[in-house]
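> Could you have a look at this structure, given as structure tokens, before my questions?
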Amino acid sequence: MFENKNNSTTNISELGEFGLIEHLTKNFKITQKSTIKGIGDDAAVISNDSLTEIVITTDLLVEGVHFDLSYMPLKHLGYKAVIVNLSDVFAMNANAEQITVSIGVSNRFPVEALEELYEGIHTAAKLYKIDVIGGDTTSSKTGLVISITAIGRVAKGEAVYRNTAKENDLLVVSGDLGAAYLGLQVLEREKKVFEVNPQSQPDLGNYTYLIERQLKPEARQDIPKLLKDLEVKPTSMIDVSDGLSSEILHLCKQSKVGCTLYEDKIPLDQQVISACEEFKMDSTTIALSGGEDYELLFTVKMEDFPKIKGNPNLSVIGHVTHEKEGVHLITRGDEKIPLIARGWNSLESEN
Ligand code: ADP
Ligand code: MG
């Protein structure tokens, strides 16, 4: 039972998700020689030998907060729960090797439903060549909860962190942005239509890519490998789970640098552009704040530009500046506006 000594309480939403983590963990000091990186990056890094480092990351998915089973099939949920963790491993420049899976389930779920969840987990594990090595199972009174821990490996000294971007580095992102958020908008719209008219047969042909990015995202295992082949070592890296602007701000804050991002360089799929027109949404806002893209955002030295130039998997979207320059977006109209984090924040208040 919680007893308050000071007779005053603070609402979690006053701190936000990242503020809360900082607040709760600020007194933890690293004491073990084997802990190379503790709290504050996409994954922790530990090492016991001189050749390799192990990265470890955990994500928790809660029904009604992170997923809605009315349009998220359990098989896809299992797959996605693995992917979001692998993405954090790849964002450390490491390769994923094992996961543990813990679930809290209410008796609303028959065994067959959990079999479907595990089919998705199995499919992802097979495709990404990782072993499922354990977990925990418990009952839940409210809904489904899934927590996955992923473990990866990287050669000593090759892990890439969020706090090592340098002035004049180029800012690069893999793939394209905003599609997963729009996929969610399409699915939510169809859910409402279905509630009114269960006979309706939605035509989702124009949204296949968007829905796939929402329901069956992939993690960029190929990017660390590609960069190695190109002989480019990123100077810093993070995965895009909360939205481009939120991730850029994390990189800049932790690296103590500024950044200039160019609106016309942000990679968008054609389906994102046309869905934004239809939904009367601004595609840049969606790319900046949508989230769940699971692309990798990283910085490289300017001299590496010829090695990545023209690569269809990579877009140079900006460059790193001195901290005092701040973090800005240069719009298509050549306006300079400060970038703010409007990324997905599950602890933000509703109003
Ligand atoms: P990501 O979005 O990449 O999964 P998070 O924003 O969830 O990262 O977490 C940022 C950092 O804070 C990570 O190092 C993570 O391990 C740590 N962290 C998150 N929640 C907690 C917690 N409740 N206690 C301790 N550390 C936490
Ligand atoms: Mg991450």
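The values are calculated or read from the model by the stated rules, or taken from the named source; none is laboratory data. Remember, predicted model here, so these are calculated numbers, not experimental data. Neighbour counts are summed over all protein chains in view; Cβ atoms, including those assigned to glycine, are modelled from backbone coordinates with ideal geometry. Accessible surface is based on the protein model in full, side chains and every heavy atom, while ligands, DNA and RNA are left aside. Shrake-Rupley method; radii C 1.70, N 1.55, O 1.52, S 1.80 Å.
> How many percent of the accessible area of the range 1-80 is carbon or sulfur, using a 1.4 Å probe?
Here it works out to 54 percent.
> Moving on. Mark the label point 7 Å from the Cα of residue 253 along Cα→Cβ and return the residues of the range 160-195 whose backbone N is within less than 17 Å of it.
Under cut-off, by backbone N: 162-165.
> If I model a spin label as a point 7 Å beyond the Cα along the Cα-Cβ vector, how far apart are those points for residue 208 and residue 311 in nm?
So the label points at residue 208 and residue 311 sit 2.8 nm apart.
> Per 0.36 nm of contour for each residue apart, how much would the distance between residue 200 and residue 32 grow if the chain were fully extended, relative to their Cα-Cα spacing?
54.5 nm
> Just to be sure I understand the model, the point goes 7 Å from the Cα along the line to the Cβ. What's the resulting residue 20 to residue 58 distance in nm?
Result: 1.5 nm between the two label points.
> Here is a further query. Which length gain, in nm to one decimal place, applies between residue 141 and residue 280 when the Cα-Cα distance is subtracted from 0.36 nm times their residue separation?
Gain in length upon complete extension: 46.1 nm.
> Just to verify a number: what accessible area does residue 273 come out at with the full protein assembly present, 1.4 Å probe, Å² rounded to tens?
Counting only protein heavy atoms, residue 273 exposes about 60 Å² to solvent.
> Amide H neighbours of residue 36 under 5 Å, at least 5 residues apart or on other chains, H built in the peptide plane: list them.
45, 46, 47
> Write down the accessible area per residue of the range 35-114 in Å², having rolled a 1.4 Å probe over the full set of protein chains.
Per residue, the range 35-114 has an accessible area of 39 Å².
> Which value, in Å² rounded to 10, gives the accessible area of residue 139 with a 1.4 Å probe and all protein chains present?
Per-residue accessible area (residue 139): approximately 100 Å².
> Most mobile of 148, 248, 12 per a Gaussian network model of the chain (Cα springs, under 10 Å)?
12
> Might you tell me the accessible area per residue for the range 126-269, computed with a 1.4 Å probe and given in Å²?
48 Å²
> Distance between Cα centroids, the range 80-106 to the range 152-226: provide it in whole Å.
Centre-to-centre distance over Cα atoms comes out at 15 Å.
> When the Karplus curve 6.51 cos²θ - 1.76 cosθ + 1.60 is applied with θ = phi - 60°, which whole-Hz ³J(HN,Hα) does each residue of the range 41-54 get, with x for Gly and Pro?
Rounded to whole hertz, the list is 10, 5, 8, 7, 10, 10, 8, 10, 9, 8, 9, 10, 10, 10.
> What distance in nm lies between label points placed 7 Å from Cα along the C-beta direction at residue 164 and residue 225?
2.3 nm
> Karplus couplings for the range 153-165 from phi (6.51 cos²θ - 1.76 cosθ + 1.60, θ = phi - 60°), rounded to Hz, Gly and Pro as x?
9, 8, 4, 3, x, 9, 5, 10, 9, 7, 9, 10, 6
> Tell me, what is the 1.4 Å probe accessible area of residue 79, in Å² to the nearest 10?
Around 10 Å² of this residue is reachable by solvent.
> Per-residue HN-Hα couplings for the range 97-107, Karplus 6.51 cos²θ - 1.76 cosθ + 1.60 at θ = phi - 60°, whole Hz, x for Gly and Pro?
Taking θ as phi minus 60°, the curve returns 10, 9, 9, 10, 10, 10, 9, x, 10, 8, 6 Hz for the range 97-107.
> Leaving out ligands, DNA and RNA, what percent of the accessible area of the range 170-338 is carbon and sulfur, probe 1.4 Å?
C and S atoms contribute 51 percent here.
> If the cut-off is 21 Å between C-alpha atoms, which lysines fall inside it for residue 129, apart from same-chain ones fewer than 8 positions away?
75, 80, 216, 225, 228
> Under 5 Å between amide hydrogens, which residues at least 5 positions from residue 329 or on another chain qualify, with H placed 1.01 Å from N in the peptide plane?
261, 337, 339
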